[in-house]
Amino acid sequence: MTDGHLDGNVLAGPLSSVFTAEVSTAVAACAGCGRSGPLAAARVFGAPMGYVARCPGCDQVLLRYAEAPAGTTLDMRGIATLRLTTAD
Ligand SMILES: [Zn+2]
């Protein structure tokens with residue numbers, strides 16, 4: 001039985017409108033438990049208008065992404081730091 005979540009790779013497309021770097025390989029540190037890991041490892045729940053990514057360690061919300069006609073909203077308060085790697 002699944003809880004219906006996707007992995008963080010699903011965020012690569014939507015977040016490419018916000019970040020120019022590859023986001024799925026970015027390393028996020030959870031503001032709740034301090035766990036660091038690739039954003040691709042986050043548990044992502046999707047909806048037609050956006051996504052919610054949760055920490056695989058403590059289940060805290062890492063980020064919320066929502067698209068609306070007036071614009072895109074990105075709430076990253078659950079991420080203490082986000083390290084975007086650079087291409088070699
Ligand atoms: Zn956590």
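Any read-out appearing in this document is the output of simple, stated calculations on the displayed coordinates, not a laboratory observation. Here the structure is a predicted model, which is why all the values come from computation and not from measurement. Backbone-built Cβ (ideal geometry, glycine too); neighbour counts: all protein chains shown.
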Dipole magnitude (debye, nearest 20) for the chain, charges at Cβ of Lys, Arg, Asp, Glu: 220
At most 15 other Cβ atoms within 10 Å and a DSSP loop assignment: could you name the chymotrypsin sites (Phe, Trp or Tyr not before Pro) in the chain that fit? PHE19
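Could you tell me the relative contact order of the chain? Use alpha-carbon pairs under 8 Å, at least six residues apart, and round to a whole percent.
Working: 170 pairs, mean separation 25.0, N = 88.
About 28 percent, as a whole number.
When the expected Rg is taken as 2.2 N^0.38 Å, what fraction or multiple of it is the alpha-carbon Rg of the chain?
Numbers: Rg = 12.4 Å, N = 88, 2.2 N^0.38 = 12.1 Å.
The value comes to 1.03.
Run lengths n ≥ 4 of DSSP H only: what is the helix-derived mean residue ellipticity at 222 nm for the chain, with -39500 (n - 2.57) per run over all residues, to the nearest 500? Present the calculation step by step, with values, prior to reporting the outcome.
Numbers: 1 runs with 4 residues, N = 88.
Taking each H run of at least 4 residues, the total per residue is -500 deg cm²/dmol.
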